[in-house]
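The values are calculated or read from the model by the stated rules, or taken from the named source; none is laboratory data. Here the structure is a predicted model, which is why all the values come from computation and not from measurement. Because the Cβ atoms are built from the backbone with ideal geometry, glycine has one as well, and the counts that use them run over all protein chains shown. Accessible surface areas use protein heavy atoms only, side chains included; no ligands, DNA or RNA. Shrake-Rupley method; radii C 1.70, N 1.55, O 1.52, S 1.80 Å.
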Amino acid sequence: MKSILEIQNLKGRTALVRVDFNVPLGDDGIVDSTEDWRIQKSLDTIKHLSKSGAKTILISHIGKDPKQSLAPVAKRLEEFIPIKFIPMIYSEDMPNIAENILEGEVVLLENLRSNEGEEKNSREFAAYLASLADFYVNEAFSVSHREHASIVGVTEFLPSYVGLWFLQEVEKTRFS
């Protein structure tokens with residue numbers, strides 16, 4: 001298992017990072033600060049990529065309803081790091097958007113489950129996701145057992161690594 005620490009020269013390269021931002025929202029639709037630990041645990045990986053000059057595209061799901069939005073998660077994430085939220089996951093314009101991400105910039109795309117290809121592990125959807133980046137980082141240990149396009153499928157198309165939190169989880173599991 002290769003970690004992101006093994007990647008030479010991240011500057012200007014685009015990382016597709018699968019995070020698990022499936023966090024509960026309060027009745028007010030806001031991410032509660034007592035429930036944002038998944039966001040906070042991913043920050044070391046995100047900051048490492050950003051500080052190294054990578055262009056970082058975060059992808060995640062939230063809830064079971066494909067219409068549920070990651071916008072409240074983006075708002076909470078903005079309290080820790082500068083990010084841009086892109087309220088779509090699949091669009092003909094997405095490759096152009098991905099190409100215009102600046103070095104060190106972090107973007108969060110909309111809920112993966114808004115595309116039915118995600119849960120079906122669609123080869124087409126996985127190839128589409130992979131087309132947005134130069135390499136893939138799995139930082140979503142908690143969902144890595146799922147055979148979804150953003151977990152399994154995309155690894156067929158891109159060099160793949162694990163993030164810092166993922167690595168910690170593996171080490172904890174190994175020595176438990």
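Tabulated results
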read-out	value
Accessible area of region 115-176 belonging to carbon and sulfur atoms, whole % at 1.4 Å probe	50
Over the chain, relative contact order from alpha-carbon pairs under 8 Å, at least 6 apart, %	29
Cα centre as origin, Lys/Arg/Asp/Glu Cβ charges: region 1-156 dipole, Debye	380
Lysines with Cα under 16 Å of Lys41, excluding same-chain neighbours fewer than 8 positions away	Lys172
Probe 1.4 Å, protein heavy atoms only - accessible area per residue of region 31-142 in square angstrom	47
Inter-site label distance for Gln168 and Glu124 at 7 Å from Cα along Cβ, in nm	4.0
Residue order for Met88, Met1, Met94 - accessible surface, 1.4 angstrom probe, largest first	Met1, Met88, Met94
Lys47, Lys67, Lys2, ranked by accessible area, largest first (probe 1.4 Å)	Lys67, Lys2, Lys47
Share of carbon and sulfur in the accessible heavy-atom surface of region 16-74 [1.4 Å probe, %]	48
P(r) histogram, all alpha-carbon pairs of region 1-91 included - 10 Å bins from 0, percent	14, 48, 29, 8, 0
Given Lys51/Lys75; Lys11/Lys67; Lys2/Lys51, the pairs whose alpha carbons are separated by over 26 Å	Lys11/Lys67
Value of D in µm² per second that Stokes-Einstein yields for region 109-157, Kirkwood Rh from Cα pairs, at 25 °C (0.890 mPa s)	229
Area projected by the alpha carbon convex hull of the chain, averaged over all directions, nm²	9.7
